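K.L.:
The structure is given below, and queries will be raised subsequently.
The values are calculated or read from the model by the stated rules, or taken from the named source; none is laboratory data. Owing to the predicted nature of the structure, the values given are computational and were not obtained by experimental measurement. In this analysis, Cβ positions are derived from the backbone assuming ideal geometry, glycine residues included, and neighbour counts consider all displayed protein chains.
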Amino acid sequence: MHDLVERAELLIEESRLFLDILRSDEKDKSVEAMAFTMVHNKAMITREMLHLYQRLWSSDRFDAGIDEEKMGEEMADRAVYLGKMLFIETLSAIEHSSKKVCRSRCIFKDSQHLRGIMDASRDAGLMGEDRNRQWHDIITVRNLAVHDNAISDRSKRCVIGHLTISMRPNRMMKGPLHTYIELARIVNQNYYEWVCSLDRGGPVPPGQ
């Protein structure tokens with residue numbers, strides 16, 4: 001649980017950093033920055049909930065009325081649920097903001113969804129095939145988590161950053177306990193990268 005709290009704190013710090021950078025820009029970046037405010041708030045709530053569970057489960061006065069093994073399973077289920085909600089809401093915030101950015105800049109007018117925006121960005125030379133594939137995998141994971149209770153309809157092995165997510169038909173997706181929180185961080189970072197690419201006219205160089 002402590003590891004998940006730390007990862008949520010990293011997302012809070014990163015969203016605050018990206019927000020500050022965009023706010024300090026000479027050009028008005030309020031539309032682009034809006035997503036980071038939303039992500040920051042959602043990550044704060046997730047961290048608070050994880051903290052509450054952590055304190056509850058570690059309290060000497062807490063008696064769940066179940067054995068230790070069952071308790072561990074329930075702890076993991078709750079942690080995964082909180083991470084999943086954070087990931088889904090983070091990607092929703094990013095999609096909402098991406099559409100507004102496209103409208104404000106009058107670009108990619110025919111792209112109505114996040115997948116289309118990222119495909120148009122690839123076609124315009126703003127990202128490479130690897131980053132575009134990552135966006136597609138992220139959207140696939142989100143759609144399965146939202147519409148199919150994270151149960152896959154395909155055989156696929158997604159490598160997103162340092163995460164590996166395994167999919168098999170009619171089975172729940174498998175990955176580390178921190179998968180959803182890390183996916184939220186990757187989405188947050190990729191959105192910032194995309195915003196920067198719009199100004200640079202091309203992909204962000206590694207390490208920037």
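K.L.:
Any residue at all in segment 154-176 that is hydroxyl-bearing (Ser, Thr, Tyr) and surrounded by 17 or more Cβ atoms within 10 Å (Cβ to Cβ)?
P.N.:
Going through segment 154-176, the residues hydroxyl-bearing (Ser, Thr, Tyr) turn out to be 155, 164, 166.
When the remaining residues are screened for being surrounded by 17 or more Cβ atoms within 10 Å (Cβ to Cβ), the result is none.
Taking every residue of segment 154-176 in turn, none turns out to be hydroxyl-bearing (Ser, Thr, Tyr) and surrounded by 17 or more Cβ atoms within 10 Å (Cβ to Cβ).
K.L.:
Let me ask another. Which members of segment 95-114 meet the condition of being within 18 Å of residue 135 (Cα to Cα) and among the aliphatic types (A, V, I, L, M)?
P.N.:
101, 114
K.L.:
Could you give every pair whose Cβ atoms fall below 6 Å, whose first residue belongs to segment 143-162 and is closer than 16 Å to residue 91 by Cα, and whose second residue is part of a loop (DSSP other than H, G, I, E, B) and not small (Gly, Ala, Ser), counting only separations of at least 6 or pairs across chains?
P.N.:
150/173
K.L.:
When the residues of segment 27-53 are narrowed to those that are among the charged types (D, E, K, R) and in a helix (DSSP H, G or I), which ends up farthest from residue 85 (Cα to Cα)?
P.N.:
32
K.L.:
Kindly check whether there is at least one residue in segment 105-123 that is at pLDDT 95 or above and touching a Gly at 6+ places or on another chain (Cβ under 8 Å).
P.N.:
There is at least one residue in segment 105-123 that is at pLDDT 95 or above and touching a Gly at 6+ places or on another chain (Cβ under 8 Å).
K.L.:
Right, next: Inside segment 107-205, counting only helices (runs of 4 or more DSSP H) that do not spill past its ends, which hold 2 or more residues that are under 24 Å from residue 41 (Cβ atoms) and under 15 Å from the mean Cα position of the chain (by Cα)?
P.N.:
Working: elements: 114-123, 129-147, 179-200.
Filter on segment 107-205 gives 129-147, 179-200.
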